[in-house]
Amino acid sequence: MAWRSPVTDSSPELEIKVQPRLSDPHPLGVGPSRPHRPPRPPPQAYRPFKKWFPWLVPVIVVANVGLFVLAMYLNDCPRHSGSCLGADFLGRFAFQNIHENPLLGPSSATLLSMGALDVMKVVDERESWRLVTCMWLHAGVFHVVANMVSLLFVGIRLEQEFGFVKIGLLYVISGIGGSILSALFVRTTISVGASGALFGLLGGMLSELLTNWSIYANKLAALMTLILIIVLNLAVGILPHVDNFAHSGGFVSGFFLGFILLIRPQFGWVSQRNAPPGYYRSSVKSKYKVYQCVLLVLSVLLLIAGISIGLILLLHGVDGNEHCPWCHYLRCVPTPLWNCDVRCRSNLRGNELNLTCLDDGKSQSYKLSNNNSTAEIEMLCSQLCS
């Protein structure tokens, strides 16, 4: 006999549900489905600093090449000169006589009209804008190709690392620094070219390596390689027709600018900034090291003082060669293979110019259209000695 507990209609019914465990067998023989979890994404490469797309350096290269083509178009050698190179197939783009311009390019007068650096015009006519425009012009095909290839190799890497704003400022300010030093010491010829700005990028690379020393591997190897490249390029400046003062001024300006523009924060500070909240329990790291801040402040002061003093001396007509009699060796070192002296001896009275070629002794008198035109005197000297 089975016993049943009495149940009244008023007693509540209690329903108990038991959730099966994952280890319990399913009554139908099928295991319970586990909750679906998406696969973890693959680990990303650690990139503490942003990579930039380099577009400014290629634009600078295109601008320099375009301005050289424009200079050759405006030069129109067959129309303005009786002796041109390649006039049969180049037409108005023909090069000046190789005795006048051995770099295969336009005349000095054309470059001067487009903004070449002429000390007389900067000092006497206050055309200070030539300190900027001269870095966008080039004297010939060899000149523009050498500078632009070097700019691509050096500038692309720097723009990828630091962005177009910093590299643009580094390029332009270094070029101005090179122009100022060149104008203080190169008094008898005009000057063009992006070499000062290019050497500024090399100077910036050196100071960037020094100020960010702690984040680099193979530090000494990188430093020695960079110094070797810089020394070799500066050594080329002792050859004739190369403006090593522009190279030196651009390099020094870029060296100081590198401590200002290309400074990197410490890896520890970057890691703490990008880490989740509460991940780091150690003390907060400073963004920059002490020596980085010291170098930055000193560089700002020296750069401002150097450019300001250089401009004041230049606009007051100071000739650097009078205060530094040995400095001309930085531009050209005479050897048995070449002569660094000026090719012509000039005597100017009013607008009457008498030139004597030092190579063969020929002498001739001219009437100048502009008494302060260095480019016109250069052109006449080239024609007399050719």
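The values are calculated or read from the model by the stated rules, or taken from the named source; none is laboratory data. Please read these numbers as outputs of a predicted model, since none were measured by experiment. Using ideal geometry, Cβ is built from the backbone for each residue, glycine included, and neighbour counts are taken over all protein chains shown. When the accessible area is computed, the model is the full protein with side chains, heavy atoms only, and any ligands, DNA or RNA have been set aside. Shrake-Rupley method; radii C 1.70, N 1.55, O 1.52, S 1.80 Å.
Miscellaneous remarks
- Additional length obtainable on full extension of the chain from Lys367 to Tyr73, 0.36 nm per residue less Cα span: 103.1 nm
- 25 °C / 0.890 mPa s Stokes-Einstein diffusion coefficient of the stretch 162-227, Kirkwood radius on C-alpha pairs, µm²/s: 182 µm²/s
- Between Val290 and Glu352, the contour length at 0.36 nm per residue exceeds the alpha carbon distance by 16.1 nm.
- Accessible carbon and sulfur surface of the stretch 48-199 relative to its total accessible area, %, 1.4 Å: 70 percent
- The overall shape of the stretch 85-142 is prolate: from the C-alpha gyration tensor, with semi-axes ordered a ≥ b ≥ c, the ratio a/c is 1.5 or greater and a/b exceeds b/c.
- In order along the stretch 155-168, phi translates into HN-Hα couplings of x, 4, 4, 5, 5, 4, 7, 10, x, 6, 5, 5, 6, x Hz, rounded to whole numbers, per the Karplus curve 6.51 cos²θ - 1.76 cosθ + 1.60 with θ = phi - 60° and x for Gly and Pro.
- Rule-of-thumb Rg ratio for the stretch 44-146 [Cα; 2.2 N^0.38 Å; N residues]: 1.41
- For the stretch 144-264, radius of gyration divided by Kirkwood radius, i.e. Rg to Rh on alpha-carbons: 0.97
- Straightening the chain between Val242 and His328 buys 29.8 nm, computed as 0.36 nm per residue apart minus the Cα-Cα spacing.
- Anchor Lys287: lysines whose Cα lies under 27 Å away (excluding residues fewer than 8 positions away in-chain): Lys50, Lys51, Lys166, Lys219
- Sequence ranges 165-177, 60-72, ranked by mean other-Cβ count within 10 angstrom, highest first: 165-177, 60-72
- In Å², nearest 10: area of Met205 left accessible to a 1.4 Å probe: 40 Å²
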